[in-house]
Structure formats: structure tokens, C-alpha cells
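Q: Before I ask anything, here is the structure I am working with.
The values are calculated or read from the model by the stated rules, or taken from the named source; none is laboratory data. Just so we're clear, the structure is a prediction, and the values are computed from it rather than from any experiment. Glycine also receives a Cβ, built like all others from the backbone with ideal geometry; neighbour counts cover every protein chain displayed. Calculation scope for accessible area: heavy atoms of the full protein, side chains included, ligands and nucleic acids excluded. Shrake-Rupley method; radii C 1.70, N 1.55, O 1.52, S 1.80 Å.
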Amino acid sequence: MKISVLMPTYNDAKYVGKSIESVLSQREVDVELIIVNDGSTDETEKIVLSYNDGRIKYIKQENKGQLDALLNGSKFITGDFVCLFHSDDLLTDEFAFKRNATTILEKNLDGVYSDYVKINEKDEETGVLRVYKDFGEKALKKLIHLNGANVIGDHFFVKKEVFFRYIVKNYIIWNQPYWFKIKDGKIHLLRLSYISQPWYKYRVYSENYARSEVGKFVASNGVIRTIVELSKFYKIHFAGFRYIHKLPTNLVVHHSEIGYEQYRRQVYNLIKKIFKNYGVSSKSSIYYEALLNFYRRKSNVKLEIEDKLIKEAPLLFGKDVNIFYNMLLSNNLPRLYKLLLETAFKGGFEIVVNKEYEKKINLILKFLSLSVPVSKKGGY
């Protein structure tokens, strides 16, 4: 059995050596460690290159974010199984990969997941991060129940074919949970199983990327997109959202259809909760304010967009959220993105485009998490 380990890294010189050794110490499996240096400015590269081991593949790129690094690294995968491993984390023991792969094969699964052992800067275990054990539709409901937080974690361990069929598009390209996809108006779930023995040690410390402003922006971007998508399938069956996390998941119900205004109200309330969970102020970004206003207010604006404006606009995906973040900071948004956010700032609206640009405008709207009705010019 061969395990391909994707390890994106950025300025992790303090821990990357320990992470490399933890992966290379795995026994009774072949390991392929694909390290993608996402433009580090510290001694990360020096440390990685100090390991003279043929199992390591090293790729260096300019700083584009973790998801772009994963996409780049995926080109070099040759293993039977693929897992995501952060460059400041550790494995629980030397047989973690063997156990995971064996369980997948014996039970004919797509992948496995487990609780996380938390560690600090000194590698000391500080507790256990519990994941949701009941996989399936219950996990989807729990996802909404917890305002879009990934209830089983991001660190996947799956078969290679599953990685390329599901995870590349869902997790890497669109920055959404890897374990389901929406296609042809239906939700498709992976065959995953919870295993009781943790295999992953997750480092929690003050310098975690997830705690930085850009880290919070990246994480909340994916969570909001997930909520916008899942709210088309599930509705929260009560009036108030104040105590949503304390209420039973059976109040999240599947629906065959939902009114557009009801849908917008649900998304608005969930986005407010997401901002609170991530400790961000809606006033801190024109993007945050535009999102809230779009789902909160109703307007009669019908925006007819010129072909030239759509044609010149770059396509951004979830993996490009770092680029989008920097565009916002530098007030350098492409004209179409700026127009869409300015219009959303005033409330909900509709869009009219020529048929040939319908697909592209829908992709841009998906990136922005704006569920805008789009119609074709001339009504054809």
C-alpha cells in the first residue's frame, strides 16, 4: 500500500522538520511525501532540503494559499491513498497510515476519519477535539446546525480515485467540505466511516494560521459558501436563530423546495452567526457588508451586464480566496466583482446576461456566495 501525503507549508520552519519525520516514520506502508512550499520567507526550504530522502517530492511556488498549493501538489500523486497533512502537525503513532488503509480496504470505504489529539508548541497533548460520529445526512444537518463548521474535520484520508473525483473540486477548488458534492440538484455523500482510534495530532497555538485575519477570511469564505449551497436543500424549522447551536438537529429538515425570500432570510441569519463565530466584524470589509445586505434587504434592481465586462473578468475559485483578500485590501477588485458587490450592498438583485456568459457569471456568483437569479437577454 502506498500513501501519498500532501503537505502544504508556509513559514513553518519551527515545526516542519518534526512533521516530516512523523510522516517518514510510518511503518508497513510505502510513503510518498509531497511538500509544497507556498512562498515561505523563513528557513522552511532549508529545513526541507536537509532531508535526503527519495520519498520526498519538493515543489516551490509563489505565495497563493494552501488550497492552490494542494492543487499544485496533486499533480505528483502516485499512491493508492491520499491524505492531507499540515506542516505543523504530527501523527499519533508509526502505524496510523497502515490502520487507516487497512480499514478502508476491509470495509470497502472511500475513506476514514477520527477525533483529533490536540498538542501545544511543546508537542504536549492537551486534550481531544471531538468530531461528529454519525456520518450521512445527520452530518449534513449538523453542518448547518453548527453554522457551516466542518463537523468531521478537513484532514482527509481517502482512496486516490475518491480524491480526484470529489476532493479536488469540492475541497481544493471550491474551499468546501470534502465529503459531499452537489450535482444535478442532488447531494452525493462519500462512503466514510468514523474510527475510534485517533490518527492525527493537531497543533493548537497562538500562531496558528487559522487565527490570523487572512486565515479567518479564508475559512469563513468556505463556510459561507457551504451554507449558501446547503440552505437550498435544508431549512431550519423554527423562527429564531439566537440559540441555534443549542437546539436539536431534528429542527433542520430536508425540503423539496423553499421560497426565495425564506431562503435569503435563513442564509442571512446563518452568515451573522458565522461572523460571530470567527470574530469578524461585518464593517471590516465591503465584502462582508455586501453579503449581509444582499441577503437582508430586497430591492427591485435588475442588473443587465455588458458582455465586455464579463469577458474581461478573471474567474476566481475558492482556492483563490487569498488573491481576492489581497484585492480587497488594496482596493483593486476587477470591475465586474466591484459592480456586483456595490449592487449587493444595496440589497438583493437580479442579473440579465447573454446566454454565452451565463455559465461564467454563475461561477463568479458562486465564488462571491451571492445566490442571484440569472436570466438570459431576450428570455431565450
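Q: Picking from Leu363, Leu341, which residue would you name as being of a type outside the set (Ser, Thr, Tyr) and buried (at least 18 other Cβ atoms within 10 Å of the Cβ)?
A: Every option except Leu341 fails the conditions.
Q: Among the helices (runs of 4 or more DSSP H) confined wholly to the stretch 291-380, which include 1 or more residues that are under 24 Å from Lys169 (Cβ atoms) and under 24 Å from the mean Cα position of the chain (by Cα)?
A: In the stretch 291-380, 321-329, 335-345, 358-368 are the helices (runs of 4 or more DSSP H) which contain 1 or more residues that are under 24 Å from Lys169 (Cβ atoms) and under 24 Å from the mean Cα position of the chain (by Cα).
Q: Return the pairs, sorted by first residue and then second, in which the second residue is open to solvent by 80 Å² or more (accessible area, probe 1.4 Å) and in a helix (DSSP H, G or I), the first residue lies in the stretch 45-64 and is touching a residue at least 12 places away in the same chain (Cβ under 8 Å), the beta carbons are less than 9 Å apart, and the residues are 6+ apart or on different chains.
A: Tyr51/Glu21; Tyr58/Leu49
Q: Check Arg265 against each of (1) in contact with a helix residue (DSSP H, G or I) (Cβ under 7 Å, 6 or more places away or on another chain); (2) open to solvent by 40 Å² or more (accessible area, probe 1.4 Å); (3) not in a loop (DSSP other than H, G, I, E, B) and name the one condition it does not meet.
A: That leaves (1) as the condition not met.
Q: Residue check: is Asp93 acidic (Asp, Glu), at pLDDT 95 or above and open to solvent by less than 40 Å² (accessible area, probe 1.4 Å)? Can you show your working first?
A: Details: acidic (Asp, Glu): yes; at pLDDT 95 or above: yes; open to solvent by less than 40 Å² (accessible area, probe 1.4 Å): no.
Spelling it out, it is not the case that Asp93 is acidic (Asp, Glu), at pLDDT 95 or above and open to solvent by less than 40 Å² (accessible area, probe 1.4 Å).
Q: Shifting gears a bit: State all residues of the stretch 5-25 that are in a loop (DSSP other than H, G, I, E, B) and within 18 Å of Asp123 (Cα to Cα); if no residue qualifies, say none.
A: Asp12, Ala13, Lys14, Tyr15, Ser25
Q: Anything in the stretch 145-190 that is open to solvent by 40 Å² or more (accessible area, probe 1.4 Å), within 22 Å of Asp115 (Cβ to Cβ) and not aliphatic (A, V, I, L, M)? List them, or say none.
A: Within the stretch 145-190, Asn150, Asp154 qualify.
Q: Further, regarding this structure: I'd like to verify a number: residues in the stretch 110-154 that are β-branched (Val, Ile, Thr), assigned to a loop (DSSP other than H, G, I, E, B) and either more than 19 Å from the chain's Cα centre (by Cα) or closer than 26 Å to Asp80 by Cβ (or both), how many?
A: Result for the stretch 110-154: 2.
Q: Please determine, by comparing only the residues of the stretch 42-85 that are part of a helix (DSSP H, G or I) and among the hydroxyl-bearing types (Ser, Thr, Tyr), which one is surrounded by the fewest Cβ atoms within 10 Å (Cβ to Cβ).
A: It comes out as Ser74.
Q: If Ile35 satisfies all but one of (1) assigned to a helix (DSSP H, G or I); (2) over 20 Å from Ile173 (Cβ atoms); (3) open to solvent by less than 10 Å² (accessible area, probe 1.4 Å), what's the number of the condition it fails?
A: (1)
Q: All but one of (1) loosely packed, with under 14 Cβ neighbours inside 10 Å; (2) acidic (Asp, Glu); (3) farther than 28 Å from Ser206 by Cβ hold for Glu121; which doesn't?
A: Among (1) loosely packed, with under 14 Cβ neighbours inside 10 Å; (2) acidic (Asp, Glu); (3) farther than 28 Å from Ser206 by Cβ, Glu121 violates only (3).
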